[in-house]
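Novice: Here it is, the structure in full.
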Amino acid sequence: MFKKTALYRGLTCAMAIVLVIMVMLALVLEENRTMVDQTLGTKSQLMVTESDDGTLYTAFTPDEEFLTDGKLDLEKDKKIHKDLGIQISEEGSVLLKNEASTLPLKESAKVTLFGARAYKSLGGRTGGFVVANGLKDSGLQINTTMEAVYSPLIGKFSDMAPGWASNKTYDFKYDPAEISPADLANQNASYKDSFAEYNDAAIVVLGRNNGEGADYKPGLDGVKDGVGSRTALALSDNEKAIVNLACDNFSKVVILVVGVSPMELGELQDNEKVGAIMYIGFPGTNGCEGVGNLLQGKANPSGGLYDIYARNSLSSPAMRNMGHYELTNAELITRKDTSSVGTRGTDPGFKHYVIEAEGIYVGYRYYETRYFDCVNGNASAKVKTDSTGVYEDSKTEWNYAEEVVYSFGYGLSYTTFEKKITGVTWDKTAHEQMAHVSVSVKNTGSKPGKTSVQVYGQAPYTEYDKQNGVEKSAIQLLNFAKTDVIPAGQTVNVTVDVDLQDLASYDENGAGTYIMENGADYYFSVGNGAHDALNNILAAMGKTTADGMDKNGSAAAAHKWTYDTATAANGVDAFTFSLSKNGTKIENRLDYCNWNDYEAGKVTMLSRSNWSGTFPKTYDNMTATELMLKHYNGEVIDVKTKSNPDSDAALATVKLGQKTDLKFADMKNADFDDYRWEEVLSAMSIEELVLYCMESGRGFAPIDSLNFPQGSYAENGPGTPAWIDNSAGVTNAPWAVEKPAGSYSLGSFPTYAVIASSFNPELSKRYGRVLGNDSIFGLKPMLWLPGANIHRTPYNGRSEQYYSEDPVLTGVMTMEATIGALEKGAIVTAKHFAFNDQEMHRSGVGTFMTEQRAREVDMRAFQIAFEANKYDTDEKDVGMLGVMTSFSKLGGIECTVNKGLLTDVLAGEWGFKGYMVSDLKDDLDLMPQAFKAGLGGYDWRTEADDITPYRDVDNFRFDAELLECMKEVAHQKMYTFANSNFMNNVNTTTHSVWNMTWWRAAYISGIVISAVLTLAALGMLVACLIINKKENA
Amino acid sequence: MFDFLKKVSPAAYVFAAGSVISLIAMIIAAVSCSGEGFGMKQLPLVIVLSVAAVILGVAIVFVSGKFGDGILSTVLVVAMTLVTVFCVYAMIMGKSDVFGTVLFSDLEKGYAPAERACNLGIASIIVYLIAAVVTAAGGFFKLAKADK
């Protein structure tokens, strides 16, 4: 019997382990059920509709091109995605150099590919692709010997992502790896013998990776020792050796540049043996075939650069303050976010800051404005005092040609174009001051081709501006269009509409609003990129190379426009642009965005009035003021609490839990101001209100009193993904496929920088519309994309998720994608509003800047998309329905609780009506304040555990104003859904029910079986012990 | 002491090993939570349970040596098993977020501190599981040498 005691004891322990593991498994699965469902293609909750009243599937219907016999045709869908991916790459790849007609190659040319990135799967989370495969698909014949040589080597090759981030990686050193000629020879000593057969051209693929959560580290310190690169974005010794190998063995050498962070391409541009350079970005699943088409002349390049490419990636003023700066009195910041996620949570981003002392001079605006001032005799522009410490910066005179390799917007074609401005008219509609710029475009070459019409502007830099600290870029993109294919020799006329607010300047110190200057000369210009357009303005001013220009411009491509209005006082018109499109007064709203708001005169912002004297220094070792510490600690908006409540009378004014016969579905297509909303919102219980406001990530909370069904309605888009993820559980739509598609990936589109480089708004709209259709098929009405932040520096690792350094290019592309998706009822949620200018300490880094900079650069991209002025009609105010806030602070105040940003500007001035979600679990500790500031919800990854500390209604119920704000938040969220394709799937009888998924059934069975066995073993053990005791007695 | 050890069955050493393994798992768990931003609110619970497992392991050795293989030692064995397996539970719950962001999304894939927290968390869970299995296995043996 003794032995049996041991047996049952062991069995009891073993079964207890199994039982506990099964219970644990159950808890983990349930707490992560949204992710589990998405991963396994199951549905934990189903939307059930008791009876069809005829309103189902009528809100938005998919386009016919996706359907066969009324149902989704997956093959058609794939082809639509593929064709669009190819077209985006054809129009968005940028031909930067093409000497001696290196390109195009003949069709089906036999080429030799060099570079590990030609064969390695690239693109990561934004969608994998292999350049070689795409080129083969396009018909190019690839050197098979070299493919075989590279094949075993690329397994060891790491296309390292930028890794300079918070916590333990301050000493990150990037390895600009490349497989060397010696490596190739070791693999196959006679590999060069294969060149003779594949000698139509050598194609060398170079590039840099990008990724979320980390940046490149600037300077020598950020590069692996011994690789020969001066910066992470400069060529390494191995990369140069591969280029030289190609140059030494081929008469035609083509460089393809992969990535988004602008590399230092000066050496390649200067290398006479390199015949052609083409930027291809991250082409996504299908785009490389488009690149191949370009190389063979099956398509004609028409893209222009999304960012300026500097010779020295460190030379812009923004690079002086980028990265890791901790407040000297950081120990006084006591705020802790209880989230356990690393790059958020207790990340020391709470203690960090970055001074964006470059002001409005981001990207090309800096280089071009300084060039303009050099030509115009501004002595301070010529004085080079800004050594970057890495390059030989011994020269004392600033010279544009030594600074810039390729300007913003620049791109070549296989044909040539002549562009002239033929007229400008001014449309003075109230609050919507528009200029219509007419441009004639003549194809002066021998091949048909498309081209972009980039309209730039220049505002005069006057004495008033100098006195009031108003900065003006000598050139800025105002809008753009893309022609159709123009046959050789033919001319087309294009009219580009310009919102004159983009030409006006934000005068935060003087008028406190946008101004234009009466009687002053403004210029419009077109050209092949910003530099060409600026040269055309200089030509219109009578300047030539004799004045220091690097090339004579064309005065016919520029147009002088003297601003003449009756509303100006003392030469400054501070009225015409002081009202937003919806009539709201525009005034200084962004309190404490500038360090100088806390501590006057502490920071010197770059001013063209004195380039050399104001060129930013690095602001390290800054000490927070008392008020700034308060803001960093999250004390921004007062909230009444249990210990300090509002009066009962005040709280009683907030209507909740009222009876109503209305259901959420009754509000289908309701206007934002529909009188019924108040009745709907007042029907919610306080518990429903709290949960509905806070739980809004991958899963949305139910409102049982209104039959708002719980579910997972949002899809995150780190890049440009395409998918059909039918996780909402409704499969009886007219267009549903027989078997639900589950998680059906359609790959990825070329990344945003490529879309931006196409300068084709219609293409971006088409992208949005395709996603909108997918949204209907996949029952995901909410898409968390695109990224509308700007590329402040080349070193931001996350620039792959954003379009450009230019806010107008970013804004227009975002707007078009939004409208395209919105036409199919998809809620596009642009991110990250705003100021996600670096990944280092992104979880809360304080970004300090002037309000002019904030409005004219970072926020303008969002403004264009939100106002969607182009699409508004008298009957309907069309605009983006969603936005995701950023992790960053503006100044010392978190964006999530920045009332000036969210309520006053976004909702007030821009008229945003929709759903604002935080980025992943950001600022949970500030939730009541955030609701007061206008935030609409939080992105949760898990269903239960992290919500628990925050869902207590006592956190909210003692502040009447807060409760009203939360009702407004719920209003915005419901309005958003009510006007989306979400309404396809609900009517007044729709509600959510739990579903027994296979994994749920499995763990329940496991728990029952293991519990029975545990109890049985335990029973036997007890019996044995009793028997033993009796026997011993 | 020597006489005491002579009375202890070989199974006692299995429990002692279980205690040591739990201790190792606890150290790994603590290290996995040491990165700034990767703390775990369940860590104190894990430490308490681990210490309890160690104490229970020692108690099993002591009780079985002194009182033989009886009800008390059996209860201690079951308790040690449960305590150890609850450490696994606490670790999984505490680390679920970082597992999600590293393993099931690209959010922090490639981010060294997150991957370290994730990998060490997994290691800790595995070691705790080994401790639980070792403890359960010890239950199959006699806890005291039969009196001669």
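Novice: Ranked from highest to lowest mean number of other Cβ atoms within 10 Å per residue, what is the order of the peptides A:576-584, A:451-459?
Specialist: Working: A:576-584: 17.9, A:451-459: 27.4.
Highest-to-lowest ranking by the protection proxy: A:451-459, A:576-584.
Novice: Taking beta carbons within 10 Å but only from partner chains, what does the mean come to for residues A:154-163?
Specialist: Values: counts 0, 0, 0, 0, 0, 0, 1, 3, 1, 3.
For peptide A:154-163, the averaged partner shielding equals 1.
Novice: So what J values fall out for the range A:574-586 if you push phi through Karplus, 6.51 cos²θ - 1.76 cosθ + 1.60 with θ = phi - 60°, rounded to Hz, Gly and Pro as x?
Specialist: With coefficients 6.51, -1.76 and 1.60, one gets 9, 10, 3, 10, 8, 10, 7, 4, 9, x, 7, 5, 9 Hz.
Novice: Further question: Spelling out what I want: for every residue of the range A:773-787, take phi, set θ = phi - 60°, compute 6.51 cos²θ - 1.76 cosθ + 1.60 (Karplus), and round to whole Hz; glycine and proline get x.
Specialist: 5, 4, 4, 5, 5, x, 6, 10, x, 10, 10, 8, 6, x, x
Novice: What whole-number value in Å² describes the accessible area per residue of the protein assembly as shown for a 1.4 Å probe?
Specialist: Solvent-accessible surface per residue comes out at 34 Å².
Novice: If I model a spin label as a point 7 Å beyond the Cα along the Cα-Cβ vector, how far apart are those points for residue A:1008 and residue A:1026 in nm?
Specialist: It is 2.8 nm.
Novice: Rounded to the nearest 100 Å², what's the accessible area chains A and B bury against each other, both chains counted, probe 1.4 Å?
Specialist: Buried: approximately 3600 Å² between B and A.
Novice: Between residue A:188 and residue A:436, what is the label-point separation in nm under the 7 Å Cα-to-beta-carbon projection?
Specialist: Spacing of the two 7 Å Cα→Cβ label points: 6.1 nm.
Novice: I want the local charge near residue A:194. Using Cβ-Cβ distances under 14 Å, sum +1 for each Lys or Arg and -1 for each Asp or Glu among the other residues.
Specialist: Around residue A:194, the charge tally is -2.
Novice: Further question on the same structure: Suppose R0 equals 22 Å. What FRET efficiency, 1/(1 + (r/R0)^6) with r the Cβ-Cβ distance, do residue A:76 and residue A:485 give to the nearest 0.05?
Specialist: Approximately 0.30, to the nearest 0.05.
Novice: Once fully extended, how much extra length lies between residue A:679 and residue A:565, figured as 0.36 nm per residue of separation less the alpha-carbon to alpha-carbon distance?
Specialist: Using 0.36 nm per residue and subtracting the Cα-Cα distance, I get 36.3 nm.
Novice: Would you please give the FRET efficiency between residue A:651 and residue A:221, computed as 1/(1 + (r/R0)^6) with r the Cβ-Cβ distance and R0 = 60 Å, to the nearest 0.05?
Specialist: 0.55
Novice: Considering only DSSP beta bridges whose two residues both sit in the protein assembly as shown, what percent are antiparallel, to the nearest 5?
Specialist: 65 percent
Novice: Another question, then. What is the helix-to-structure angle for B:71-103, meaning the angle in degrees between its Cα long axis and the longest Cα principal axis of chain B, kept from 0 to 90 and rounded to the nearest 10?
Specialist: 10 degrees
Novice: Spelling out what I want: for every residue of the range A:1019-1033, take phi, set θ = phi - 60°, compute 6.51 cos²θ - 1.76 cosθ + 1.60 (Karplus), and round to whole Hz; glycine and proline get x.
Specialist: Listing the rounded values in order: x, 5, 4, 4, 4, 4, 5, 5, 5, 4, 5, 5, 5, 5, 5 Hz.
Novice: Taking each residue in B:130-140, count the Cβ atoms of any other chain within 10 Å of its Cβ, then average. What number comes out?
Specialist: Counting other chains' Cβ atoms within 10 Å and averaging over B:130-140 gives 5.
Novice: What is the percent carbon and sulfur in the accessible area of the range B:10-138, measuring with a 1.4 Å probe over the protein chains and ignoring ligands?
Specialist: 81 percent
Novice: On full extension of the chain, what length is gained from residue A:144 through residue A:446, given 0.36 nm per residue of separation minus the C-alpha to C-alpha distance?
Specialist: 105.3 nm
Novice: Taking amide H positions as placed 1.01 Å from N in the peptide plane, with prolines and chain starts having none, which residues 5 or more places from residue A:177, or on another chain, fall under 5 Å of its amide H?
Specialist: A:160
Novice: Can you give the relative contact order of chain A as a percent, counting alpha carbon pairs under 8 Å and 6+ residues apart? Could the numbers behind the result be given before it?
Specialist: Details: 2498 pairs, mean separation 182.9, N = 1033.
Dividing the mean separation by the residue count of chain A yields 18 percent.
Novice: Give, in nm to one decimal, the length gained when the segment between residue A:672 and residue A:52 is fully stretched (0.36 nm per residue of separation minus the Cα-Cα distance).
Specialist: 220.6 nm
Novice: List the lysines whose Cα sits under 21 Å from the Cα of residue A:71, skipping any in the same chain fewer than 8 residues away.
Specialist: A:79, A:82, A:739, A:780, A:824
Novice: Can you tell me which aspartates and glutamates have their Cα less than 18 Å from the Cα of residue A:106? Leave out same-chain residues fewer than eight positions away.
Specialist: In chain and number order, the partners are A:90, A:137, A:197, A:200, A:289.
Novice: Inside 10 Å of the C-beta atoms of B:112-124, what's the mean count of C-beta atoms belonging to other chains? Please list the in-between numbers first.
Specialist: Details: counts 7, 8, 6, 1, 3, 2, 1, 0, 0, 0, 0, 0, 0.
Per-residue shielding by partner chains comes out at 2.
Novice: Same structure again: Need the list of lysines near residue A:173 for cross-linking: C-alpha distance under 17 angstrom, and skip anything on the same chain fewer than eight residues off.
Specialist: A:217, A:224
Novice: Still on this structure: What does the charge count near residue A:678 come to, summing +1 for each Lys or Arg and -1 for each Asp or Glu among other residues with Cβ under 12 Å from its Cβ?
Specialist: -2
Novice: Further question on the same structure: What is the calculated FRET efficiency for residue A:249 to residue A:953, with r their C-beta to C-beta distance and R₀ = 60 Å, to the nearest 0.05? Intermediate results must be reported in sequence, preceding the final value.
Specialist: Details: r = 73 Å, r/R0 = 1.22.
So, using R0 = 60 Å, E works out to roughly 0.25.
Novice: Right, something else. Give the carbon-plus-sulfur fraction of the accessible surface of chain A in %, rounded to a whole number; probe 1.4 Å, heavy atoms of protein chains only.
Specialist: Answer for chain A: carbon and sulfur cover 49 percent of the accessible area.
Novice: How many angstrom lie between the Cα centre of the range A:29-82 and the Cα centre of the range A:266-343?
Specialist: After rounding, the separation between the Cα centres reads 36 Å.
Novice: Find how many whole Å separate the alpha carbon centroid of the range A:529-594 from the alpha carbon centroid of the range A:983-1019.
Specialist: 65 Å
Novice: Further question on the same structure: Show the residues, 5+ positions off or on another chain, whose built amide H is closer than 5 Å to the amide H of residue A:482.
Specialist: A:453
Novice: When you count, for each residue, the other Cβ atoms within 10 Å and take the mean per peptide, how do A:886-892, A:325-331, A:601-607, A:930-936 rank with the highest first?
Specialist: Packing proxy ranking, top to bottom: A:930-936, A:886-892, A:601-607, A:325-331.
Novice: With an 8 Å cut-off on Cα pairs and a minimum separation of 6 or more residues, tell me the relative contact order of the range A:403-582 in percent.
Specialist: 24 percent
Novice: For the residue pair residue A:99 and residue A:872, what label-to-label distance in nm results when each label sits 7 Å from Cα along the Cα-to-beta-carbon direction?
Specialist: Here the modelled spin labels are 5.1 nm apart.
Novice: Moving on. Around residue A:828, which amide H atoms from residues at least 5 apart in sequence, or from another chain, sit under 5 Å from its own amide H, with H modelled in the peptide plane?
Specialist: Excluding prolines and chain starts, which carry no amide H, the hits are A:783, A:881, A:882.
The values are calculated or read from the model by the stated rules, or taken from the named source; none is laboratory data. Note that the structure is predicted; figures quoted are calculated from it, not measured. Because the Cβ atoms are built from the backbone with ideal geometry, glycine has one as well, and the counts that use them run over all protein chains shown. All accessible areas refer to the heavy atoms of the entire protein, side chains included, with ligands and DNA or RNA removed. Shrake-Rupley method; radii C 1.70, N 1.55, O 1.52, S 1.80 Å.
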